[in-house]
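Reading through the structure tokens given below for one structure.
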């Protein structure tokens, strides 16, 4: 649209300008189309770049969220690790204190160093350690046994040494006394044997004189002395008694009723020796504080015996 007015000379000029403008505008659609295609391509490239940027943004946001989650988890783990580290440090300090207390108890009770306890318990390197519950049970049992024993006698070792010394002295004295008793018994047996031999020898002499004296006094007949020494030698005390008997054979003097007639007068335990005291010891039965079957418990016993032969 062109403005109205002006001179007639201006018309041709306007026509020329319009023609030039028309000529210049004839290529405009193609330029516009080319520009439009270029713009569409740029828009498509921009859209693709936008979508790619959106995808990268979404991926970045996902990574950011994951990184944030991992950071929070790391912070939580760090906090828990710090807490656990503090607890472990407390447990380590408590274990150190407990170890020191145990070492002190070992030195106080066992009077040895902790590294020597295994050798004391006869546990070698590499051996399987015993069950703790079993050891605790045995320890409790030993403690109960110790409590039942009562208070500990601190002088027990010294008293034991004193008792052992006294026991040694008593054993020595017992051995000396046993040897002395043995020698005394041997002496008594020797004396008894010698006395018995001398007594029998003397009795034989007396018996010979008596027989000769009896024949001279009674004008015949025979007389016999019987002297018996009863000796007992066993686990019971040595004991001797003397028995004496006189036998007289009456001459017949022509009378048949006097033939083969002998009168015997005697005494058992002539010196009335009492039986020794023998308490019962389980090897025999002791009666009346002596051995009835071994010793004479009646005392002196006198008798008269008449024998008649037919």
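Any residue at all in the stretch 73-93 that's at pLDDT 80 or above, in contact with a helix residue (DSSP H, G or I) (Cβ under 9 Å, 6 or more places away or on another chain) and part of a helix (DSSP H, G or I)?
No - not one qualifying residue is present in the stretch 73-93.
Residue-by-condition table, conditions (1) out of contact with any strand residue (DSSP E or B) (no Cβ under 6 Å at 6 or more places or on another chain); (2) over 19 Å from residue 106 (Cα atoms); (3) outside any helix (DSSP H, G or I):
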{"site": "125", "(1), (2), (3)": "yes, yes, yes"}
{"site": "135", "(1), (2), (3)": "yes, no, no"}
{"site": "141", "(1), (2), (3)": "yes, yes, no"}
{"site": "148", "(1), (2), (3)": "yes, yes, no"}
{"site": "153", "(1), (2), (3)": "yes, yes, yes"}
{"site": "158", "(1), (2), (3)": "yes, yes, no"}
{"site": "161", "(1), (2), (3)": "yes, yes, no"}
{"site": "166", "(1), (2), (3)": "yes, yes, no"}
{"site": "170", "(1), (2), (3)": "yes, yes, no"}
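Would you say residue 98 is under 30 Å from residue 120 (Cβ atoms), in a helix (DSSP H, G or I) and modelled with pLDDT under 85?
Answer is no for this residue.
What tally of residues in the stretch 1-12 results from selecting those that are surrounded by 11 or more Cβ atoms within 10 Å (Cβ to Cβ) and at pLDDT 70 or above?
Total meeting the criteria: 1.
Find the strands (runs of 3 or more DSSP E) located wholly in the stretch 185-268 whose residues include 1 or more that are modelled with pLDDT of 70 or more, and list them.
So the answer is 239-250, 261-268.
Restricting attention to the stretch 32-50, does a residue exist that is at pLDDT 85 or above, within 60 Å of the chain's Cα centre (by Cα) and outside any loop (DSSP other than H, G, I, E, B)?
No - not one qualifying residue is present in the stretch 32-50.
The values are calculated or read from the model by the stated rules, or taken from the named source; none is laboratory data. A quick note: this is a predicted structure, and the numbers were derived from the prediction, not measured. Cβ coordinates were reconstructed from backbone atoms using ideal geometry, including for glycine residues, and neighbour counts include every protein chain displayed.
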